[in-house]
Amino acid sequence: MNVVTKQDVGTVANVLRGMEKHGQSPWLDFIQRSFTANGSLQKLVDEDGLKGVTSNPAIFEKAMGYGTDYDAQIKELLQTEILSPGELYERLAIDDIRATAKVMYPVFEATKGLDGYVSLEVSPYLAFDTKGTIEEARRLWKTVGAQNLMIKIPGTHDGVPAFQMATDEGISVNVTLLFSLQAYKDVLEAYISGLESRHARGEDISKIASVASFFVSRIDGKIDAAIDKRVAAGDKDAEALKALRGKVAIANAKVAYQHYLEVKKSDRWQKLAAAGAQPQRLLWASTGTKDKAYSDVLYVDELVGPETVNTIPPATFDAFRDHGKLRDSLIEDVEGAKHVMAQQERLGLDLHGVTETLVKEGCASFCDAFDSLLGVVARKENEILAKKLLIQKAELPSDIEEAVKAETETWRKSGDLRKLWAKDASVWTGGDEGKWLKWLDIVDDRLAHVSELEAFASDVKARGFTDVLLLGMGGSSLGPEVIAETFGKHAGFPTLHVLDSTDPQQVKSFEGKIDPAKTLFIVSSKSGGTLEPNILKAYFFEAAKKVLGDKVGQNFVAVTDPGSHMEQVAKGDGFWKIFYGEKQIGGRYSVLSNFGLVPAAASGLPVRSFLESALRSVKASAQSVPPAFNTAFQLGAILGVAATKFGRDKVTIVASPAIYDLGAWLEQLLAESTGKIGRGLVPIDDETLGEPAVYGNDRVFAYLRLTGETSSEQDAAIAALAKAGQPVVTIDLDTKEQIAQAFFHWEFATAVAGAVLDIDPFDQPDVEASKIETKKLTTAYNETGSLPAETAFATDGAFSFFADAKNAGALKGGDTVAILKALFGQVKPDDYIGILAYVERDESTRAWIQSLRLRIRDALKVATAAEFGPRFLHSTGQAYKGGANNGVFLQITADDAADLPVPGEKYTFGVVKAAQARGDFDVLAERGRRALRVHIKGPLDEGLRALSSAIESAI
Ligand SMILES: O=P(O)(O)OC[C@H]1O[C@](O)(CO)[C@@H](O)[C@@H]1O
Ligand SMILES: O=C[C@H](O)[C@H](O)COP(=O)(O)O
């Protein structure tokens, strides 16, 4: 706009100023920070008699999307606050609107509230959402807090009731995107009804202003195109059609204006007018000429009339000042306008259909503009925050990259990420997914209550505990384990240990690490009904009671969902504290709720800054972030697309040594969330990277890299894999604390991947099956004093082999090597092998299983999972049973060197573990999985060594 430099502005003959005499107010369809700040806007007011300003998402996109006007404020805001791109945009926009409202305020005063307005549009994403629109209108009205503000609301079917409510509540509204006479009539009716209801309550209606933004040029754009097409096709009505070119939009506006005049005469309106109501003026919008063949001031020249507004884009504003003509054109030749309307109908130009399309297209194009604007804000935010956020880099083969782009665009168009945030189950299977999404809000929620956790932390410190022993499984133990493993001991606080096993030796080992009198026990179970934490609680409660007597409960804390069995137990046993979980969060999504935070606080982790770090991830995935800029979405889309379209269902998790345990948490999240109804992602954790040659085409590599403590071997191996064309996603963490961000990032990505896989990522149907089998066995034990007998299909030295009839048939028999050969002989490319060991998980068994899996991987070139039972039952076990049938399983059980009693039960820990292994195997077999169980008699270390060498010979 050249208003500042042009010489002829403000002359007496200024045609813009002259509009006033015709009862029309010129408004400007434009906002830009520098334009307001450098006095250009003021100059228009002073010299051209500018009377108002309008904005829309496309205008803000132009203002914020290019240049550097806003960079300083963005930086400043992000220094002190954690904001999503949507929140950031709103802060910038509101500042602009306020600054503009200030410039326009003298006009507002001088015209006694007739003019001087500035319009701010509600989010275009809400165009079909009445509730969302009214809520946002109220919020913006309150936040901007300027009398001369108008909230812009689309005049859609769903927008009109919101407009009526807003009017009733005293909010001034600019109803936008009006194309048809009928839509305009509905809007005027809503305005009157809104005023009437307010007036009926005895409230003032004189301060409410409203305009109806009736769009002009876009109508000609569509109608003229239809005319040209028909003329080109040799339509018999070519001449009559040509005569309508460039006429319909103006005729449509003139007819709408006639309706306005008629309504103003009505008794209904007169009553409101007598009570001080201001008429809702028609505002001509979309008045920039799009077709170069027409006058560049066509839609200003031809629509001049009393009690109207024309919001004029900058170039048209300049052009009109330069050569616009003023006459009462709006009421000129109304009959002619009606004739044009009748003609268009007779000729089948379908103005009705065109206006309907224009509403839809108008909403969609404002959404597109908003997407692009928010994308720019998100990009700027990412650049400024840099390492304060996780930095994700995807190196994908071009076919996967293309497919991910297409998926991203599908999500952008459908607005499904906003639906996800709105907890709309249609994003997944339309089941009960909406009830499991409280994890989306939990970070905000916990931050609001963080002082309780901080108080707990100081109490724990003050009581001088040396250790914290957490008893729980899966979602209740893996997050705390990551926290314990990653952060270690905090000075002045107890050491956090996590026990998630029924292996008697392992229970004993943990018991040996602590002094019950100086230990805080955290019994953690969402459901409160899980077998393991219940029996572990019974065991340690009894052990602690021996030293603490009646005060034993004071060394126990429960974390459980409200109303659970565990809550009752905790109350009955006089636990020191009970912390509650959220029923609307499943176990594996619970780490940022009390399930992760209570042990974190007890071990001295500064939970406030941990949560604030997590909040950055929440904001980076917020509903305002377009999918292309939402890195957690991108991760989920990559995993989902790679699995469904490219057969790459093995998510190979690689993590820097200092954060290695994230993989254990991630395994559960991915496997239990996605591995069901015969599909899903198979996490492969902690499988030391090999040469590219040892991999097939069934993997995606996810590399969690702690930038300050990287492993050069990992970096080199990952680089080689990317070079070899394997898909690699690298996520850089700048600090260990950013595991908080990684938690949310992966939860969000998993939810997205679940949608791409078309499954419910919040249930775990197949875990339940093995729990039922286990329960049957432990019940039988309690009744008969022994587990039901079972017969090995083969024995060889220290080894006995068990399987269902089908697997036993396939494995035939013979010696150990022959049986193992038969098992591994069934492995096909793109399968994976699961080693499922029900033995104590300690340094030596972990080293043993790790070296074994690598030998298998390198020999057979398939993915391997190395798992300990019963821990994995609450994690990857779901996918092994419910996912695709591409796993081959070797289950390992062993005689227990010593057993431990479970207080109050006949069964022992050893019996429980045996029942769990058998329950697990039964379900694997029942699901048609290729599986073998080998039981080791005698000393475990010898047995494991012998098994390794037999496997070595078999592969
Ligand atoms: O916290 P809870 O209810 O004891 O459950 C522990 C784990 O068991 C499961 O329900 C099934 O394995 C997991 O989803 C969960 O994390
Ligand atoms: O209120 C103003 C409208 O949003 C604007 O005039 C639309 O104009 P356009 O059709 O040129 O985009």
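The values are calculated or read from the model by the stated rules, or taken from the named source; none is laboratory data. Remember, predicted model here, so these are calculated numbers, not experimental data. We place every Cβ from the backbone using ideal geometry, glycine too, and count neighbours over all the protein chains shown. Note: areas computed on protein heavy atoms with side chains; ligands, DNA, RNA excluded. Shrake-Rupley method; radii C 1.70, N 1.55, O 1.52, S 1.80 Å.
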Give the Kirkwood hydrodynamic radius (Å, one decimal) of the stretch 15-361, defined as one over the mean of 1/r across all pairs of different Cα atoms. 20.8 Å
What does DSSP give for the chain in terms of the percent of beta bridges that are antiparallel, rounded to the nearest 5? 15 percent
Where Thr289, Thr311 fall by accessible area, highest first, once all protein chains stay in place (1.4 Å): Thr289, Thr311
Percentage relative contact order, the chain, counting C-alpha pairs under 8 Å, at least six apart: 11 percent
Over the stretch 1-160 - Rg/Rh using Cα atoms and the Kirkwood inverse-distance radius: 0.99
Net charge of neighbours whose Cβ lies under 13 Å from the Cβ of Asn807, counting Lys and Arg as +1 and Asp and Glu as -1: +3
List, largest first, the extents of the alpha carbons of the stretch 827-955 along their principal axes, each in whole Å. 49, 32, 21
To the nearest 500 deg cm²/dmol, what mean residue ellipticity at 222 nm is calculated for the chain from DSSP H runs of n ≥ 4 alone, each contributing -39,500 (n - 2.57), summed and divided by the residues? -16000 deg cm²/dmol
Which order do you get for Tyr907, Tyr660 if you rank them by accessible area with a 1.4 Å probe, largest at the top? Tyr660, Tyr907
Per principal axis, largest first, the Cα atoms of the stretch 58-105 extend in Å by 32, 21, 17
For the stretch 403-460, the Kirkwood Rh over every pair of distinct alpha carbons, in Å, works out to 13.9 Å
Could you compute how much accessible surface Val767 exposes when probed at 1.4 Å, giving the result in Å² to the nearest 10? 10 Å²
With charges only on Cβ, +1 for K and R and -1 for D and E, what is the dipole size of the stretch 696-803 about its Cα centre, in debye, rounded to 20? 140 debye
Relative contact order (%) - the stretch 506-650, alpha-carbon pairs under 8 angstrom, separation at least six: 16 percent
Determine the equivalent ellipsoid of the stretch 203-287 by diagonalising the alpha-carbon gyration tensor, then write out the semi-axes as square roots of 5 times the eigenvalues, largest first, rounded to whole Å. 39, 13, 6
Partners for Lys229 among lysines (Cα-Cα distance below 23 Å; same-chain residues under 8 apart left out): Lys242, Lys247, Lys290, Lys292, Lys360
Under the Kirkwood approximation for Rh and a Cα-based Rg, what ratio Rg/Rh is obtained for the chain? 1.09
Please work out the FRET efficiency for the pair Ser509 and Lys723, using the Cβ-Cβ distance as r and a Förster radius of 35 Å; give the result to the nearest 0.05. 0.20
Against the 2.2 N^0.38 Å rule of thumb, the C-alpha Rg of the stretch 121-180 sits at a ratio of 0.98
Divide the volume of the convex hull of the Cα atoms of the stretch 441-600 by its number of residues and quote the answer in cubic angstrom per residue. 102 Å³
Which listed residue (Ala719, Ala209, Val559) has the Cα farthest towards the positive end of the charge dipole for the chain, taking +1 on Lys and Arg C-beta and -1 on Asp and Glu C-beta about the Cα centre? Ala209
What list of ³J(HN,Hα) couplings, whole Hz, do you get for the stretch 180-188 from phi and the Karplus terms 6.51, -1.76, 1.60, once you set θ to phi - 60° and write x for glycine and proline? 10, 4, 4, 4, 4, 4, 4, 5, 5
Please report the carbon-and-sulfur percent of the accessible area for the chain; probe 1.4 Å, protein heavy atoms only, DNA, RNA and ligands left out. 53 percent
For the table Lys51/Lys264; Lys393/Lys583; Lys645/Lys736; Lys152/Lys405; Lys461/Lys583, the rows whose alpha-carbon distance is greater than 27 Å are Lys393/Lys583; Lys645/Lys736; Lys152/Lys405; Lys461/Lys583
Among DSSP beta bridges whose residues both lie in the stretch 440-615, state the antiparallel percentage, nearest 5. 0 percent
With all protein chains present, calculate the accessible area of Phe366 using a 1.4 Å probe and round the result to the nearest 10 Å². 10 Å²
Counting pairs on different chains as well as pairs 8 or more places apart, how many Lys pairs in the stretch 765-954 have Cα atoms under 22 Å apart? 21
Extreme residue, positive dipole direction of the chain, given options Gly194, Leu597, Val625 (C-beta unit charges): Gly194
When ligands, DNA and RNA are left out and all protein chains stay put, how many square angstrom of accessible area per residue does the chain have with a 1.4 Å probe? 37 Å²
Could you tell me whether the stretch 264-380 comes out rounded, prolate or oblate from its Cα gyration tensor? Rule is a ≥ b ≥ c as square roots of the eigenvalues, rounded for a/c under 1.5, then prolate if a/b exceeds b/c, otherwise oblate. rounded
